[in-house]
Structures are given as C-alpha cells and as structure tokens.
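Report on the structure given below.
The values are calculated or read from the model by the stated rules, or taken from the named source; none is laboratory data. Quantities reported herein were computed from a predicted structural model and do not represent experimental measurements. Virtual Cβ from ideal backbone geometry, glycine too; neighbours counted across all protein chains shown. For accessibility, only protein heavy atoms count, side chains too; no ligands or nucleic acids. Shrake-Rupley method; radii C 1.70, N 1.55, O 1.52, S 1.80 Å.
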Amino acid sequence: MTFSISGLAVSRGIAIGRAVLVGSIRIDVAHSFIELDQIEAEIDRVRRGRNAVVEELQRLQDELPHDAPHELAALLDVHLMLLQDEVLTTGVKHWITERMYNAEWALTTQLEVIGRQFDEMEDEYLRERKADLEQVVERILRYMKGVISPVASPPRSPARKTQQDLLLDDTMDVPLVLVAHDLSPADMLQFKKSVFAGFVTDVGGKTSHTAIVARSMDIPAVVGARVSSQLVRQDDWVIVDGDAGVVIVDPSAIILAEYGYRQRQIELERERLTRLRHTPAITLDGQRVELLANIEQPADAAVAVRVGAVGIGLFRTEFLFMGRHGRLPDEEEQYLAYREAVEGMQGLPVTIRTVDVGADKPLDKSHKDTHLSPALGLRAIRWSLDDPVMFRVQLRAVLRAAVHGSVNLLFPMLAHTSEIRQTLAQIELARAELQERGQVYGPVRLGAMIEVPAAALMVRTFLHYFDFLSIGTNDLIQYTLAIDRADEAVSHLYDPLHPAVLRLVADVIAECQAQGKSVSVCGETAGDVDMTRLLLGLGLRSFSMHPAQILAVKQEILRADTRKLAPWARKVLLSDDPAAFMAL
Ligand code: PEP
Ligand code: MG
C-alpha cells in the first residue's frame, strides 16, 4: 500500500529505487556490487569470518573459570546459537547471490532484516536478543576486515533510470535508495564512491553536515523523515522527492509514471544548464561575479573545474581527518592532499579552511560527542588552538602546498581577538619551522570565516588582521537564532531570511566593500537560487557553493540587474518580514 513520509528537502532531484536499510552498526562497511565469478569467494569470506568467531567463542567457553557467573556461560551459548542460525547464513547467501552485494553489505542487510523480526517480538527477553545479534555480526565483520576482499571491480554507478526502465527491469539491477536512522558526514562521504541513487534519514537538519555532503554528491536526499527507517522495509520501492522533502513508499503505477516524467524534466534542465559552463558570470548591468566551489576532498577539484568554477572558495579539510580511529593525517599526507587540490585547479585559487571538527562533524562516528552543547564547545579553531602542535602540522602542510599554486588560508569560527592573535602567531611559528628545516613554502592570503554573530559585529577588527572574509551562513544562522542546525525538531525556525541574520550579512559585505577587501559567502545560502538576487542586491560579488549548484546560480546572475536589485535589497533589509516582502 502506498504511503508517504514527510521530511526536509536537502538535496534536489528525484530518485526512484529499492530501499536499502543501513543499520546502526559501528563498523564501516563497504557497499559494492560483485561480479558473478566473485560470488563463491564472498560467501566463503563470510563463512570463514563466522567460523573464526565460533572458534573464538568456543575457546572462551572452554576456558571459562568454574566460578564464572552463570550468565556469562548463558550469553556465550546465545551468541553461538545466533551464529549458527540458518536464517543468518541463508539470508546472507541470498543477498550475495541474488543481489550481488559484497559480503559485508550482505551481512549487515541480513542483520537489519532479522533485527526487525526481533523488534516485533512480544517477549521482552527475546526482543533484547537483537543486541546480541548485533554484537555477533560486528564480530564477524571485524574478522572479515582482516581477510582481503577479492572484490576488485569498482562499484557500478547507479544510472538514473526512467520509470519505463524500472517497469521493464524489476531485477537486481535497479537504483538503490539508502534509508538509515542517521548517517554521519563521514559515512556519507564513504557513500560518495558508492552505489546509491538517493538518501533518506530519520534525523538531521537542512544544513547539517550530512545534508551538505548529500548535496555535494548531487544525489536526491530527504532528512528528518522521522521514523522512515522503521516504516520502510528492505527492498521496498521508494521515491525520494528531494525538492518537496517527501518519501513515497510502495508507489502505485500512476505515481511512478508522474515521478518518472519529472525525473526526465530535471535531466533535461540539467543538460540545458551545462551550456552555461563557459559563459562568464556577468549581470545584465555588467557586474562580474565570482562563482567558486565548496569541496570536501581533493578529487572534487576536477568536478569544480568541469562546471566552470573560477576557484575553490571552501575546502572543508576536516573530511581528511574523519573516520580514522584517532590516527590523524600527518604533514606529508595533508601536504599531498592539498597539493592535489591545488594542482587540480590548474592555477585557479584554492581556499583551504583549517580543520573544523566537532558538533555534527565528529572525528569518529563511534566516538559520540558527550559534551553538553557540542556546537558551542571545542570545535573548529578552538579545537586547533587547543593543540597547537597538531595545528601547526596542518599549517605547514598548507604553506608547503602553496608552492604549487594560488592558496588562501581560511580559519573557521573565530570570535575573539585573542584567538585571531594566537592563530597568526601559529602561522608565524609554522613558517619558522619550515625555514629551519630548509623546506620551501609559498605565500598565502589569510582569511577568516564570519560565522559567529560576535565576529560579524566586530568585522572591522577582523579586517584589520585578515586579507579577506568568508561568511559562513550555516553557522551564522545557527548561532544568531540559537537553532541547532542538525536538529530537525527546530528546523522550521532555521531562517536565512531572519532580519537579524540579513542585517549581519549586509553589514559585513558593506564594510568589506568600504575597505576594498574581498568577501564571499560560502554557506548554503550561496548555492540557493532563491537567495541569489538578494545577495547580489546586498553587494555580494563572490559566491562559493557545491559544484552542482554553480550553473543554476549563474543563470540567475545572467538575468539580474544589480542597479534594480540594490534599492530593492535595502527595502528587504528594512522589512520586518523579509520572506513575505520578497514573495511580493
Ligand atoms: C558555514 O557555517 O556556513 C560553513 C560554510 O561552514 P560549515 O558548514 O562547514 O560549518
Ligand atoms: Mg561553519
């Protein structure tokens, strides 16, 4: 029976496919399709992993001291029983042979399927055995991690299929939609190289970092869809409407036809926009506008160049630091990553932002931030300044990469003059260390993010110390309005058009213009076509956004006349309900 679930539209487009439920397992698992001749080897890997765990548990059982608590022996029995259960083994085999999932994916899928059955059990004791099953599967996965996968082929990419294709092709070769309770930004990044055509999560806000990564992947996504991971079952057909923020489960043929049509329209629009790739972004009245790209990984530079970005306005380097189980990238690794991005941009400028972990960007997803208010805690520059030795590793790597092209160095979340001074002192120290080593380094322009209201209010002080500013509207809105950007419960209050936010943005732009310093916006509002005209009217001439948004924003710019937009924007600023005013 068809039903729909509402959430937040975070990444545009339509995805139609079968649901893949991803559980809360704490081990990273790869999701890739295998080839026919790899089926036996994958089944064997699971078998060997399972046998190793059985042996381990039996050994533990044999060595159990006589006075060990009775519960311990009973627990081992339960685990052994679960391991040897037919439902687990036959299910895993099914996903490998019928769907060609790699071993880890098959195992976690079956875990999800059996987990649901446990959830539905009336008996509380049996219901609680789900946790045992999860532990057992995690153990197998750990063993399998040590066993080299024979999967060598790259994952097949999920071609966007039309509804016609889908009706003809109801086999395993259809697009897949990932449904999860929550995904960390690092998880999301892992799926970047993967096979999914759409994403749905129960939690998350519009500018949560998980949503941002989904947008950067240009894959339709809906977050904050509350109980979707409970209502949707493995293999259900789902439509992800990333424009309306709706997930339709088990759609009828008529609904499928309608969405298939919309999918084709979106494809056509995309193709039409690619013609603007080489057109300079100049308004009707001759104002040149700089369109830059936000990236998460060095390899993204190629995509930025492909869509005609004139530089990288924000390289979120924290993604190099995530999911590494405490082992941070050393100077050489970071240098090579930054150099790759710089060289990838072929002489165009690259703005490298120092690491911004914390809040909804934990270093490790298994390491839940237990601070009371992580967004207000030791994140971004505070985290870096807390460990100057580690901070200088990054600074030296960036300075060295600057030899290979034009580099800007950007600092997140500064709010205090003391932090600015400490940051600049660390740069001096990093330079001195390189000099002492006799290592070459290049010049960098220094910039600060304006993403805390305090920073916006003391913009003159910032301009005294920095060459350029970059307005991070995602955090500026979060901190101005006291709205956790990752919390769907307050997402209706997260408002880029709030008069207080607009006032701060307008003042920062105006002050930079007055002092002849460059300023850009690199938060999500820069890539929102509904905001383009207002930002132009406020005097903004540099926008940094996901590569996928650049051409749509360029189209708005080509149609705009800033002589008309400036007086209109002033009225929007003075209005006590800017959204309503703009709608007029
Ligand atoms: C911002 O806050 O607007 C920003 C660009 O930084 P991030 O989204 O990475 O916090
Ligand atoms: Mg920010």
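In the chain, the calculated helix contribution to ellipticity at 222 nm averages -14500 deg cm²/dmol per residue, counting -39,500 (n - 2.57) for every DSSP H run with n ≥ 4. With the alpha-carbon atoms of segment 284-579 aligned to their principal axes, the span from lowest to highest coordinate is 55, 44, 34 Å, starting with the largest.
Considering segment 173-282 at the alpha-carbon level, its Rg and Dmax are found to be 15.2, 49 Å. The aspartates and glutamates within cross-link reach of K130, meaning a Cα-to-Cα straight distance under 14 Å and a gap of 8 or more places when in the same chain, are D85, E112, D119, E120, E122, E138.
All other residues whose Cβ lies under 11 angstrom from that of I43 are scored, Lys and Arg at +1 and Asp and Glu at -1, for a net of +2. Note on the chain: Cα-only Rg and Dmax are 25.7, 87 Å.
Shown is the FRET efficiency for L36 and R116, computed with R0 = 35 Å from the Cβ-Cβ distance and rounded to the nearest 0.05: 0.75.
Overall, the chain carries a charge dipole of about 2820 debye about its Cα centre when +1 sits on the Cβ of Lys and Arg and -1 on the Cβ of Asp and Glu, all other atoms neutral.
What is the calculated FRET efficiency for A299 to L378, with r their C-beta to C-beta distance and R₀ = 35 Å, to the nearest 0.05?
On the way: r = 30 Å, r/R0 = 0.85.
According to the calculation, E is roughly 0.75.
Taken along the Cα-to-beta-carbon direction at a fixed 7 Å, the label points for E71 and R306 span 5.5 nm. Short-range pairs are left out: with C-alpha atoms under 8 Å and at least six residues apart, the relative contact order of segment 36-145 is 37 percent.
Using the heavy atoms of the protein chains and a 1.4 angstrom probe, tell me the accessible area per residue for segment 36-145 in square angstrom.
Details: 6060 Å² over 110 residues.
Ligands and nucleic acids excluded, the figure is 55 Å² per residue.
Using C-alpha pairs below 8 Å separated by at least 6 residues, the relative contact order for the chain is 15 percent. Among residues other than V179 with Cβ under 14 Å from its Cβ, the summed charge is -3 (Lys and Arg +1, Asp and Glu -1).
Report in % the part of the accessible area of segment 284-579 that belongs to carbon and sulfur, leaving out ligands and nucleic acids; probe 1.4 Å. All intermediate terms of the calculation are to be shown ahead of the outcome.
Details: 6250 of 11660 Å².
Roughly 54 percent, rounded to a whole number.
Please list, by residue number, everything in segment 334-357 whose backbone N is under 17 Å from a paramagnetic label point 7 Å out along Cα→Cβ of R288. Residues 347-350 fall inside that zone. Taken along the Cα-to-beta-carbon direction at a fixed 7 Å, the label points for H278 and T90 span 6.1 nm.
Positive end of the charge dipole of the chain (Lys, Arg +1 and Asp, Glu -1 on Cβ, about the Cα centre): tell me which of H416, A257, H404 has its Cα farthest that way. Of H416, A257, H404, it is H404. Phi angles of segment 374-385 translate, via the Karplus equation with coefficients 6.51, -1.76, 1.60 and θ = phi - 60°, into HN-Hα couplings of x, 5, 9, x, 7, 10, 6, 4, 5, 5, 5, 5 Hz per residue; Gly and Pro are given as x.
For segment 343-365 versus segment 463-501, the spacing of their alpha-carbon centroids is 19 Å.
Over segment 176-276, what is the percentage of antiparallel beta bridges among all DSSP beta bridges, to the nearest 5?
On the way: 4 of 11 bridges.
Just about 35 percent of them are antiparallel.
In the chain, once you exclude exposed GluC sites (Glu not before Pro) (DSSP loop, at most 10 other Cβ within 10 angstrom), what's the longest stretch remaining? The longest uninterrupted stretch comes out as 123-584. Charge tally for V249 (other residues, Cβ to Cβ under 9 Å; Lys, Arg +1; Asp, Glu -1): -1.
Report the gain in length on full extension from Q439 to Q230: 0.36 nm times residue separation, minus Cα-Cα distance, nm rounded to one decimal.
Numbers: separation 209, 0.36 × 209 = 75.24 nm, distance 5.54 nm.
Stretched fully, the Q439-Q230 segment lengthens by 69.7 nm.
The label point for E332 and the one for I255, both projected 7 Å from the Cα toward the Cβ, are 5.5 nm apart. Can you tell me what share of the DSSP beta bridges in the chain is antiparallel? A percent to the nearest 5 is fine. Taking every DSSP beta bridge with both residues in the chain, the antiparallel ones total about 30 percent.
Gyration tensor over the Cα atoms of segment 366-437: the corresponding equivalent ellipsoid has semi-axes (square roots of 5 times the eigenvalues, largest first) of 26, 14, 12 Å.
First measure r as the distance between the Cβ atoms of R563 and Q346, then evaluate 1/(1 + (r/R0)^6) with R0 = 51 Å and state the FRET efficiency to the nearest 0.05. Please report the intermediate quantities before stating the final value.
Working: r = 35 Å, r/R0 = 0.68.
Computed FRET efficiency for R563 and Q346: 0.90.
List the longest stretch of the chain that has no exposed loop site; here a site is one of the trypsin sites (Lys or Arg not before Pro) assigned by DSSP to anything other than H, G, I, E or B, with at most 16 other Cβ within 10 Å. Write down the numbers at each step before the final one.
On the way: sites that count: R26, R156, K193, R226, R233, R277, R324, R327, K368, K517, R559.
Maximal segment without exposed cleavage sites: 369-516.
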